[in-house]
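Novice: Have a look at this one before I ask anything.
The values are calculated or read from the model by the stated rules, or taken from the named source; none is laboratory data. Given the structure is predicted, the values throughout are model-derived calculations rather than measurements. In this analysis, Cβ positions are derived from the backbone assuming ideal geometry, glycine residues included, and neighbour counts consider all displayed protein chains.
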Amino acid sequence: MAKRRPSGDGMVRKREDGRWEGRIVIGHKENGDPIFRYIYADTQKELTAKLRQNITAYQGVDLTEECRMTLSEWLDRWLEQMASVLRLSTLEHYHSDMEHHVKPYLGQKKLTQITPADLRKLYDTLKQHGRVHPRPGQSRGLSTTTVHGIHTTLHHALKSAVDQRLLPHNPADHVEPPKVSHKPMKILNDEQLDTFLSAVEQDPIWKDFFYTELTTGLRLGEICGLMWSDFDARKGTLNINRTLHKEQGGRLVTGDTKTYAETRKIVLPSTTAELLLNRKKHSYSVWIFPNPLKPEMPMNPSAAYRQMKAILTENSLPGLRFHDLRHTFATLSLKSGVDVKTLSGALGHYSAGFTLNTYTHATAQMKQDAADTIGGVISQQMR
């Protein structure tokens, strides 16, 4: 039986047309036969340089026969594989991005031929004229936020190709995605928060909902998806293991949270735990915050968003997103001395580092306050 040729093994020859050709082994078929990658150059010196680069790239890699598929074919397969993992709305978003912004430019290229330079060129093109149907007066280019999101999706898809032995390495690892310009974070200051709470206190339908939100920092879909089975009155905790969102057509469905752990448990302030306990005594729904008109259904996130906007407008408060109530909770928690790791767990962030980076404004103020406190203590000692 012939010895199996290792990946990276190669050969060189001069063709009849005078050009130089090289080939290296990049994987094996199911029957053990080698899969070759061919490299061409005008001179032997140029070919030798190209071969060295390819041998280094494919050393220790053993690709399968399917590595010959195009990027378009792989993206279709990857999205099929992700169908059981992603929410339908997320899957449709990924599919739209790949169909409109990636396949038209790189779809017919072999998966193993995608380079970092290809991706950089793609992102530059999308920023200049990537919008499929621009409205009158609208820029033809996509925003850096959108292009950054496309890079993130493409990076995940190509990483899966590496994991499934279709690529030797991920070309997206070597590409710096467009920097996203974040808008300044909006939160309610102390005075505005007092005004907001005073307003919701007058509304028997919404006061418990918004008080719970401001003392837990839950995402909109998470608080609307809370059920009484999630509440442990004895321990004063909530299990956050589902979120509520709309599918196309407006149907409400429950799904997994964005939390990177399976379920997160948050400890409630005693006032919130007592509020929920009293609420439970008079509830006839499985949902903690049911639809007021259809108690068998959960609160519609759109209704909660509209109510928040109405409260802000009626009380001359800044225009916020619902997520900004979550930011308000997080900022107040940090300023009150809650450590970053504990807050990160309560918010369902994948790392304390992410929480720290997100709320830099709050931690910067905390550092200044700490420095002023230390300075005051030392000054007292020197008197």
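Novice: Just the residues that are touching a helix residue (DSSP H, G or I) at 6+ places or on another chain (Cβ under 7 Å) and closer than 19 Å to V200 by Cβ, please, taken from segment 220-231.
Specialist: Taking segment 220-231 and keeping what is touching a helix residue (DSSP H, G or I) at 6+ places or on another chain (Cβ under 7 Å), we get 220-221, 223-224, 228, 231.
Listed by number, the residues that qualify are L220, I223, C224.
Novice: Working only within segment 219-243, note down all residues that are assigned to a loop (DSSP other than H, G, I, E, B), hydrophobic (A, V, I, L, M, F, W, C) and surrounded by fewer than 17 Cβ atoms within 10 Å (Cβ to Cβ). If you could, list the steps in order and put the result at the bottom.
Specialist: So the first thing to find is which residues in segment 219-243 are assigned to a loop (DSSP other than H, G, I, E, B), and the list is 219, 225-226, 233-236, 241-242.
Cutting the leftovers down to hydrophobic (A, V, I, L, M, F, W, C) gives us 226, 233.
Passing the criteria: only A233.
Residues are listed down the side, and each one gets a yes or a no for (1) in contact with a Gly (Cβ under 7 Å, 6 or more places away or on another chain); (2) aliphatic (A, V, I, L, M); (3) not in a helix (DSSP H, G or I):
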residue: V162; (1), (2), (3): no, yes, no
residue: P168; (1), (2), (3): no, no, yes
residue: D173; (1), (2), (3): no, no, no
residue: P177; (1), (2), (3): no, no, yes
residue: V180; (1), (2), (3): no, yes, yes
residue: L197; (1), (2), (3): no, yes, no
residue: G250; (1), (2), (3): no, no, yes
residue: V253; (1), (2), (3): no, yes, yes
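Novice: If I filter segment 102-123 down to residues being in contact with a strand residue (DSSP E or B) (Cβ under 8 Å, 6 or more places away or on another chain) and crowded, with 16+ Cβ neighbours inside 10 Å, which single residue comes out as farthest from L75 (Cα to Cα)?
Specialist: Of everything passing the filter in segment 102-123, T112 is farthest from L75 (Cα to Cα).
Novice: Same structure, new question: Would you be able to tell me the number of residues in segment 294-321 that are assigned to a loop (DSSP other than H, G, I, E, B) and over 16 Å from D194 (Cβ atoms)?
Specialist: 8
Novice: Among the numbered conditions (1) over 30 Å from D17 (Cβ atoms); (2) among the β-branched types (V, I, T); (3) at pLDDT below 90, tell me where V102 comes up short.
Specialist: (3)
For (1) farther than 22 Å from V253 by Cα; (2) exposed (fewer than 14 other Cβ atoms within 10 Å of the Cβ); (3) touching a residue at least 12 places away in the same chain (Cβ under 8 Å), each residue gets a yes or a no:
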{"residue": "L193", "(1), (2), (3)": "yes, no, yes"}
{"residue": "F196", "(1), (2), (3)": "yes, no, yes"}
{"residue": "P204", "(1), (2), (3)": "yes, yes, no"}
{"residue": "G217", "(1), (2), (3)": "no, no, yes"}
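Novice: Quick one: in segment 66-96, which of the residues that are acidic (D, E) and surrounded by 15 or more Cβ atoms within 10 Å (Cβ to Cβ) is nearest to P34 (Cα to Cα)?
Specialist: E66
Novice: What about P116, is it farther than 22 Å from D173 by Cα and more than 19 Å from the chain's Cα centre (by Cα)? Outline the logic, then answer.
Specialist: Working: farther than 22 Å from D173 by Cα: no; more than 19 Å from the chain's Cα centre (by Cα): yes.
It is false that P116 is farther than 22 Å from D173 by Cα and more than 19 Å from the chain's Cα centre (by Cα).
Novice: How do the pairs read when you match residues in segment 71-92 that are farther than 21 Å from D118 by Cα with residues anywhere that are of a type in the set (S, T, N, Q) and in a helix (DSSP H, G or I), using Cβ under 9 Å and keeping only pairs 6 or more apart or on different chains?
Specialist: Partner pairs satisfying both residue conditions: Q81/S160; M82/T90; M82/S160.
Novice: Ok, one more. Among the residues that make up segment 226-234, is at least one of them within 24 Å of the chain's Cα centre (by Cα) and farther than 16 Å from L275 by Cα?
Specialist: Checking segment 226-234: not a single residue is within 24 Å of the chain's Cα centre (by Cα) and farther than 16 Å from L275 by Cα.
Novice: Let me ask you something else. Where in segment 1-120 are there helices (runs of 4 or more DSSP H), lying fully within it, with 3 or more residues that are farther than 20 Å from P177 by Cβ and in the same structural domain as G141 (by TED's automatic domain parsing)?
Specialist: Of the helices (runs of 4 or more DSSP H) lying wholly inside segment 1-120, those with at least 3 residues that are farther than 20 Å from P177 by Cβ and in the same structural domain as G141 (by TED's automatic domain parsing) span 71-82, 88-97.
Novice: For segment 171-191, how many residues are over 24 Å from G345 (Cα atoms) and either surrounded by 15 or more Cβ atoms within 10 Å (Cβ to Cβ) or hydrophobic (A, V, I, L, M, F, W, C) (or both)?
Specialist: Residues in segment 171-191 being over 24 Å from G345 (Cα atoms) and either surrounded by 15 or more Cβ atoms within 10 Å (Cβ to Cβ) or hydrophobic (A, V, I, L, M, F, W, C) (or both): 6 in total.
Novice: For segment 293-347, give me each residue that is in contact (Cβ under 8 Å) with a residue 24 or more places away in the chain, hydrophobic (A, V, I, L, M, F, W, C) and over 19 Å from I223 (Cβ atoms).
Specialist: L317, L334
Novice: Considering each residue of segment 247-289, count those that are under 30 Å from L91 (Cβ atoms), modelled with pLDDT under 95 and of a type outside the set (G, A, S), and give that number.
Specialist: Total satisfying the criteria: 16.
Novice: I'm told E99 meets every condition in (1) under 18 Å from Q164 (Cα atoms); (2) crowded, with 16+ Cβ neighbours inside 10 Å except one. Can you identify the failing condition by its number?
Specialist: With respect to (1) under 18 Å from Q164 (Cα atoms); (2) crowded, with 16+ Cβ neighbours inside 10 Å, E99 is out only on (1).
Novice: Does segment 124-133 contain any residue that is part of a loop (DSSP other than H, G, I, E, B), surrounded by 14 or more Cβ atoms within 10 Å (Cβ to Cβ) and in the same structural domain as A83 (by TED's automatic domain parsing)?
Specialist: yes
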